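The next block holds one structure in the form of structure tokens; read it before the comments.
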Amino acid sequence: MSQDSRPPTKKTAEAITLFFDEALANGTTTLVLYGAIWEDSCELAFQIAERRGLRVVLGKVMMDDSSYGSLPADKALRLSLQQTERLAEKWHGANDGLLGYAVSPRFAVACSRGMMVAAARIARKYNCFIQTHLSENHAEIAIVKKRFPWARDYTDVYDQCGLLTPKTILGHCLHLAEQEISTLAENGCTIAHCPTSNLFLNSGLLPKEQFDRAGIRSCLASDVAGGPELNMWQVLRSAIEIQKVRRLQNSDVPELGPLEAFRMATSLAAAALDQDTGRLAVGAEADLLVTDLDAVLPCSGRCTEKPDLSAEEILTLLVYRGHSTAHREVWIAGKGTRVDAGPRSLSC
């Protein structure tokens, strides 16, 4: 801890707990999160997740060329690496694998080459995940080009620092050149598509089919700190609508239907985390969401012959009309939690 750090307060614990409550209420069974820059708050989040039996992959944000209290860059680098290694050693794979650690250099705009190289080394040592941002907007790309003139492109910065692996999750990836897409494919990385955030921040529209052609796995994420949504049904809808808008501009753009969008948020996301969840099959881990169908049907289901609905029709209803007040239970690793369907607030 630096001189600017403070021990976590009761209010911090309450905020973390309320966030987890809100995510569960929205039907999310697995969380992949960027924590604050401080070790102690990240430690507290892991403790709360462990106590509640949540499935969480979490990492302390790393950066040494931006705000880190009043610490100079060299001390911020040393401290962040020490904290990251302690957290990774303690929490990666903890609680029977429900908890995982993601080494989390914020992005190349805020990290030195030394920090990124060392972050990659820690991830290899503990076989951790790596998460960072890539090519979210044009201003960011220009900054990275100026900061790292030795790199061919933004993606090459991460590649030369050793951050691109099959356990790397890259947020956004909106404005990549063909050679960058090839680099991601060669390294087996996963793209976290954040449609609600990208629309909210006016960052751009993901050309999903380019990644599909290259064999790159893309899954869905909320990027909640940079966007307005914890409701993953809305994230699915936004992903579908982005493809519709792109099809209006170019009829060759393939459609994204509810079933494929649902796969991006479930089985494909689970595969990116080396988890056997997101599918209903014998032997798979029982991460389940129980939803009240009447709550998503028009007129509370009174005008619908529910036995006549196919599985695809029900899923389409959920994608287009799903919301937290329709959820009744969330099951994680076979253990169920009742969901409060009443109003909730993150105010602390």
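The values are calculated or read from the model by the stated rules, or taken from the named source; none is laboratory data. Owing to the predicted nature of the structure, the values given are computational and were not obtained by experimental measurement. Reconstructed Cβ throughout: ideal geometry from the backbone, glycine too, with neighbour counts over all protein chains shown.
In this structure, Thr277 does not satisfy being part of a helix (DSSP H, G or I), within 19 Å of Met264 (Cβ to Cβ) and either in contact with a Phe, Trp or Tyr (Cβ under 6 Å, 6 or more places away or on another chain) or not assigned by TED's automatic domain parsing to the domain that holds Leu236 (or both).
With respect to Leu176, is the statement that it is over 29 Å from Leu317 (Cα atoms) and touching a Leu at 6+ places or on another chain (Cβ under 6 Å) true? Taking the combined requirement at face value, the residue does not satisfy it.
A quick yes/no check of all residues on (1) surrounded by 18 or more Cβ atoms within 10 Å (Cβ to Cβ); (2) in contact with a Ser or Thr (Cβ under 9 Å, 6 or more places away or on another chain):
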site	(1), (2)
Glu285	yes, yes
Glu313	no, no
Leu318	yes, yes
Arg328	no, yes
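Of the residues that make up the stretch 272-294, is at least one closer than 21 Å to Met232 by Cβ, among the β-branched types (Val, Ile, Thr) and free of Cβ contacts under 8 Å to residues at least 24 places away in the same chain? No: the stretch 272-294 contains no residue that is closer than 21 Å to Met232 by Cβ, among the β-branched types (Val, Ile, Thr) and free of Cβ contacts under 8 Å to residues at least 24 places away in the same chain.
Filter the stretch 110-138 down to the residues that are touching an Asp or Glu at 6+ places or on another chain (Cβ under 9 Å), in a loop (DSSP other than H, G, I, E, B) and more than 23 Å from Pro207 (Cα to Cα) and list them by number. Scanning the stretch 110-138 gives Ala110, Cys111, Ser112.
Looking only at residues in the stretch 1-42 that are assigned to a helix (DSSP H, G or I) and of a type in the set (Val, Ile, Thr), the one that is modelled with the lowest pLDDT is Thr12.
Kindly establish whether Gly257 is assigned by TED's automatic domain parsing to the domain that holds His193, surrounded by fewer than 18 Cβ atoms within 10 Å (Cβ to Cβ) and small (Gly, Ala, Ser). Considered against the rule, which asks whether it is assigned by TED's automatic domain parsing to the domain that holds His193, surrounded by fewer than 18 Cβ atoms within 10 Å (Cβ to Cβ) and small (Gly, Ala, Ser), Gly257 comes out as yes.
Annotation note: Cβ proximity below 9 Å between a residue of the stretch 186-202 that is surrounded by fewer than 17 Cβ atoms within 10 Å (Cβ to Cβ) and a residue that is at pLDDT below 95 and in a helix (DSSP H, G or I) (sequence gap 6+ or interchain) occurs for Phe200/Gly226; Leu201/Gly226. Taking the criterion of being of a type in the set (Gly, Ala, Ser), over 23 Å from Glu285 (Cβ atoms) and modelled with pLDDT of 95 or more, the residues of the stretch 89-111 that qualify are Ser104, Ala108.
When Ala45, Ala102, Ala94 are screened for being in a helix (DSSP H, G or I) and either of a type in the set (Ser, Thr, Tyr) or assigned by TED's automatic domain parsing to the domain that holds Ile122 (or both), only Ala45 passes.
If you go through the stretch 55-73 one residue at a time, do you hit one that is assigned to a helix (DSSP H, G or I), modelled with pLDDT of 95 or more and crowded, with 23+ Cβ neighbours inside 10 Å? Within the stretch 55-73 (the criterion being assigned to a helix (DSSP H, G or I), modelled with pLDDT of 95 or more and crowded, with 23+ Cβ neighbours inside 10 Å), the answer is no, since none of the residues qualifies. Within the stretch 155-184, residues that are within 21 Å of Ser222 (Cα to Cα) sit with their Cβ atoms under 7 Å from residues that are aromatic (Phe, Trp, Tyr), at 6+ positions apart or across chains, in these pairs: Lys167/Phe129; Ile169/Phe129.
One residue alone among Leu230, Leu205, Leu220 is modelled with pLDDT under 95 and within 19 Å of the chain's Cα centre (by Cα), and that residue is Leu230.
Pairing residues of the stretch 203-217 that are in contact (Cβ under 8 Å) with a residue 40 or more places away in the chain with residues that are of a type in the set (D, E, K, R) and outside any helix (DSSP H, G or I), at Cβ distances under 9 Å and at least 6 apart in sequence or on separate chains, gives Ser203/Glu136; Gly204/Glu136; Glu209/Asp252.
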